[in-house]
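The values are calculated or read from the model by the stated rules, or taken from the named source; none is laboratory data. All values reported here derive from a predicted model rather than from experimental measurement. Cβ atoms come from the backbone with ideal geometry, glycine included; neighbour counts cover every protein chain shown. Heavy atoms of the whole protein, side chains included, go into the accessibility calculation; ligands, DNA and RNA do not. Shrake-Rupley method; radii C 1.70, N 1.55, O 1.52, S 1.80 Å.
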Amino acid sequence: MRQNVVWLAVSGLLALTWTPASLTAQGFSVNEHSSCAMGRAGTGVADPCDDGSSMFYNPAGLAGTPKGRTQISAGGTLIRPSGGFTQDATGLSSDLNDKTFPVPALYVTHGFSDRFAAGLGVFAPYGLTTDWPTNAIGRFSSYKSVIRNIYIQPTVAVKLGKYVKLGAGFDLNLLHLELNQRVDLSEQTAVPGITFGNLGIPTGTDFADAKIKGSKTGYGYHVGLTLQPTDKLSFGVRYLSRQKIDGIDGKATFRQINTGILLPASNPLGAPAGTPLDAILAPQFQPGGSLVSQGGATGVRLPEQLSLGVSFRPTSKLHLLFDYGLQNWKVWDTIVLDFSILGPTVLPQDFKKTDSWRFGGEYNVGSSSIVRAGFLTHSGAAPDANVTPTLPEGGRTEFTAGFGTRLGGSGHIDLAYQYIDQADRRGRSREAGTPNDGIYNFKAHLFGATFTWNF
């Protein structure tokens, strides 16, 4: 049984290493770091919102901060996902747990002169959880995957003449991951050459619960440029660097799940009739057994991202925006895992580049309020073989709406709503190498609020 269980740790740590990167491609990534930008479908490369979020959307926008002004923005997005998996052969289905996930953001900026500004942003670009019931069909691949990822971005920006702004900064990436999954007894070796499934143990018999965690800090940079030839028209470009994070250490812990099975007479294990199978398995969870804490290490690459944007103001009240984004997920071709028991393992991923297209607009209502709306669509990075309970992603279309208004003379509030409609996609419910066996569906409602104060 040792070899099967160690492979569980390998596959679990693999899920930990590729999950966060895949999330940024789309999946459960969070691009909503500003309720203002969220209301207009996340557009902001050519003309970011006045709430500090330019540090994410385009750091060059920070150069528009007035001299002597200090601005603090605090807010977040509540994400309420829903979805499920339906198995082909049985027609059985499992639904995600009904939960809401908060994703906060904080920005502080200051204008030091008419040409120079600086700021600090703190936000969570991977702040969600895929949370299935412990009896879900895909529990042997993953039933709960937690991504807690905090970006800290110090940023500076400067005006280069009348029309050009340039911004850049440093990215500190605090990464923590957790994977929870069940272990199927029927797939484990009972005696050499014979699995428990061969002994009549039904497929899908839970006998262990595994929790695998990993943490690491990554580093990168971001740069942005805006060009505004007229008061009505501006262009922007933003680049986020590739990150290579080595030495991600993972630790796997196991807990026994009682099966309640009693062994029959003349069983191949040589135990007396009526012996509880759980008693036979218990030593595996004790020192010297296979199901004790195990570790491993790997490295990952987060791809570079390039975003282009256009902003147009046809009238004094109407503002139209368009952004295009490209993420180079082809860097995820293989992953190398190095374990103390199994040694190095090379696993192919074969991800592809992704595109996103965002259209947004806003309209001034009176002298102090703005209404917003937008639409976006983007493709998925994972190939068909990697659509799993950990990341059941697919192509998406999303619709947004928002509202902003001033709060006296010192600040403003922005509110937003976003609906995610993901196309159904075939995927697998079991470990790597098994065929796709069902359909994943996914939807989500997002609610955002950001409060901004100027001093």
Over the Cα atoms of the range 62-170 the radius of gyration and the largest Cα-Cα distance (Dmax), both in Å, equal 21.6, 67
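Please express the shape of the range 209-252 as an equivalent ellipsoid: the semi-axes are the square roots of 5 times the eigenvalues of the C-alpha gyration tensor, given largest first in whole angstrom.
Numbers: eigenvalues 352, 29, 6 Å².
Ellipsoid semi-axes (Å, largest first): 42, 12, 5.
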Return the sequence-ordered ³J(HN,Hα) values of the range 185-195 in whole Hz as given by the Karplus equation 6.51 cos²θ - 1.76 cosθ + 1.60 applied to θ = phi - 60°, using x for Gly and Pro.
5, 4, 8, 8, 7, 7, 9, x, x, 10, 8
Tell me, what ³J(HN,Hα) does each residue in the range 75-84 have, in order and in whole Hz, if you take phi through Karplus 6.51 cos²θ - 1.76 cosθ + 1.60 with θ = phi - 60° and put x for Gly and Pro?
x, x, 10, 9, 10, 10, x, 8, x, x
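So, R0 is 56 Å and r is the distance between the beta-carbons of residue 280 and residue 100; what FRET efficiency does that work out to, to 0.05?
Values: r = 43 Å, r/R0 = 0.76.
Efficiency, rounded to the nearest 0.05: 0.85.
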Measure nothing but the geometry: give the 0 to 90° angle between the long axis through the Cα atoms of 2-25 and the longest principal axis through the Cα atoms of the chain, rounded to 10°.
10 degrees
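Between residue 67 and residue 385, what length in nm is gained on full extension when 0.36 nm per residue of separation is reduced by their alpha carbon distance?
On the way: separation 318, 0.36 × 318 = 114.48 nm, distance 5.31 nm.
Computed gain between residue 67 and residue 385 is 109.2 nm.
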Using alpha-carbon pairs under 8 Å, 6+ residues apart, how would you state the relative contact order of the range 124-242 in percent?
23 percent
Assuming 0.36 nm per residue, please report the length gained on full extension of the stretch residue 114 to residue 246 beyond their Cα-Cα distance.
43.4 nm
Suppose each label sits 7 Å from its Cα in the direction of the beta carbon; what would the residue 80-residue 357 distance come out to in nanometres?
3.1 nm
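Find how much the distance from residue 256 to residue 423 grows on full extension, using 0.36 nm per residue of separation minus their present alpha carbon separation; answer in nm with one decimal. Don't jump to the answer; show the numbers that get you there.
Values: separation 167, 0.36 × 167 = 60.12 nm, distance 3.75 nm.
Additional length available on full extension: 56.4 nm.
With an 8 Å Cα cut-off and a minimum separation of 6 or more residues, compute the relative contact order for the range 377-418 in percent. Don't jump to the answer; show the numbers that get you there.
Numbers: 40 pairs, mean separation 13.7, N = 42.
With pairs under 8 Å counted, the relative contact order is 33 percent.
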Rounded to the nearest 0.05, what FRET efficiency is calculated for residue 134 and residue 163 with R0 set to 41 Å and r the Cβ-Cβ distance?
0.10
Placing +1 on the Cβ of each Lys and Arg and -1 on the Cβ of each Asp and Glu in the range 131-239, which of 157, 224, 181 has its Cα farthest towards the positive end of the resulting dipole?
157
With the crude spin-label approximation of a point 7 Å out along Cα→Cβ, what separation in nm comes out for residue 368 versus residue 406?
0.7 nm
Round to a whole angstrom and tell me the spacing of the C-alpha centers of the range 308-333 and the range 159-190.
22 Å
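Less than 15 Å Cβ to Cβ from residue 158, Lys/Arg counted +1 and Asp/Glu -1: what total charge do the surrounding residues give?
On the way: positive: 67, 115, 159, 162, 165; negative: 114.
Charge balance in the 15 Å sphere: +4.
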Helix-only mean residue ellipticity at 222 nm, the chain, DSSP H runs n ≥ 4 weighted -39,500 (n - 2.57), per residue, nearest 500. What is it?
-2500 deg cm²/dmol
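Where in the range 103-150 are there trypsin sites (Lys or Arg not before Pro) that are in a DSSP coil and have at most 14 other Cβ atoms within 10 angstrom of their Cβ? Please list the in-between numbers first.
Working: sites: 115, 139, 144, 148; in loops: 115, 139.
Taking the range 103-150 and a limit of 14 other Cβ atoms within 10 Å, the loop trypsin sites (Lys or Arg not before Pro) found are 115.
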Expressed as a whole-number percentage, the relative contact order of the chain with C-alpha contacts under 8 angstrom and at least six residues apart is 19 percent
List the chymotrypsin sites (Phe, Trp or Tyr not before Pro) within the range 156-237 that DSSP assigns to loop and that have no more than 15 neighbouring Cβ atoms inside 10 Å.
163
Could you give each residue of the range 390-403 its phi-based ³J(HN,Hα) in whole Hz, using Karplus coefficients 6.51, -1.76, 1.60 with θ = phi - 60°, and x for Gly or Pro?
5, 9, x, 8, x, x, 9, 10, 9, 10, 9, 8, x, 8
Taking the alpha-carbon centre of each part, the distance from the range 106-154 to the range 384-435 in Å is 14 Å
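What number comes out for accessible area per residue over the range 217-257 if the probe is 1.4 Å? Units Å², please.
Values: 2200 Å² over 41 residues.
On a per-residue basis, the range 217-257 sits at 54 Å².
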Solvent-accessible area, 1.4 Å probe, carbon plus sulfur percent, for the chain
60 percent
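Which entries of 144/251; 159/330; 165/330; 213/353 have Cα-Cα distances beyond 25 Å here? Each step should come with its number before you reach the end.
On the way: 144/251 16 Å; 159/330 35 Å; 165/330 31 Å; 213/353 28 Å.
Those over the limit are 159/330; 165/330; 213/353.
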